[in-house]
Amino acid sequence: MSNLFVIAYDDLATANQVREKVFALTKEHLVELEDAVVVERHEDGKIKLHQAVNHTATGAAGGALWGGVIGLLFLAPLLGAAVGAAAGAAGGAVTDTGINDDFMKDLSQNLRPGAAALFLLVKQAAGDKVIPQLAAYGGQLVQTSLSQEQEDALRQAIAAAQAPKA
């Protein structure tokens with residue numbers, strides 16, 4: 001079962017840096033992710049999602065490939081690729097995997113204008129190695145799907161990681 005973590009940051013740049021750090025930690029096999037989304041609240045109050053995966057582009061590329069292959073069978077590969085790309089893009093645009101977009105937008109209404117939040121859906125992680133590396137960026141833990149006891153322990157671990165070393 002995956003766990004959700006929402007961390008608020010003062011600005012978009014910091015949230016993006018932390019997401020990139022999490023991606024680096026996945027390459028080290030310290031974190032296994034299902035989804036990682038940065039949500040930005042503009043100064044005018046509008047919410048923008050920065051998804052890690054662009055389903056529309058992925059669908060269009062896959063559709064063009066399969067459309068071209070099918071088009072070869074009917075001696076119209078360019079038409080097949082164009083139709084396949086359009087169909088793939090349409091299918092990708094309505095696909096929503098990972099964290100629910102409406103949930104992220106609703107929760108992000110509480111961000112102050114100009115701030116951003118990082119939404120992580122984590123399958124598993126080596127917390128003792130990950131927490132200190134992410135705590136260095138600051139941020140405020142907004143919400144988790146952990147039990148209250150686990151969340152309290154996480155907050156203590158974050159505070160300990162952020163405490164100045166003597």
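The values are calculated or read from the model by the stated rules, or taken from the named source; none is laboratory data. All of these numbers come straight from a predicted model, not from anything done at the bench. Virtual Cβ from ideal backbone geometry, glycine too; neighbours counted across all protein chains shown. SASA here: full protein model, heavy atoms, side chains in, ligands and nucleic acids out. Shrake-Rupley method; radii C 1.70, N 1.55, O 1.52, S 1.80 Å.
Data overview
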item: Answer residue from region 101-160, given it is part of a loop (DSSP other than H, G, I, E, B) and under 14 Å from Lys46 (Cα atoms) and is least open to solvent (accessible area, probe 1.4 Å) among those; result: Ala115
item: So Lys123, is it at pLDDT 85 or above, in contact with a helix residue (DSSP H, G or I) (Cβ under 9 Å, 6 or more places away or on another chain) and more than 19 Å from Thr14 (Cα to Cα); result: no
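Listed here are the residues, each with its yes/no results for (1) modelled with pLDDT under 75; (2) of a type outside the set (Lys, Arg); (3) surrounded by 14 or more Cβ atoms within 10 Å (Cβ to Cβ); (4) out of contact with any Asp or Glu (no Cβ under 6 Å at 6 or more places or on another chain).
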{"residue": "Ala8", "(1), (2), (3), (4)": "no, yes, yes, yes"}
{"residue": "Ala15", "(1), (2), (3), (4)": "no, yes, yes, yes"}
{"residue": "Ala24", "(1), (2), (3), (4)": "no, yes, no, yes"}
{"residue": "Ala36", "(1), (2), (3), (4)": "no, yes, yes, yes"}
{"residue": "Lys48", "(1), (2), (3), (4)": "no, no, no, no"}
{"residue": "Gln51", "(1), (2), (3), (4)": "no, yes, yes, yes"}
{"residue": "Gly62", "(1), (2), (3), (4)": "yes, yes, yes, yes"}
{"residue": "Gly67", "(1), (2), (3), (4)": "yes, yes, yes, yes"}
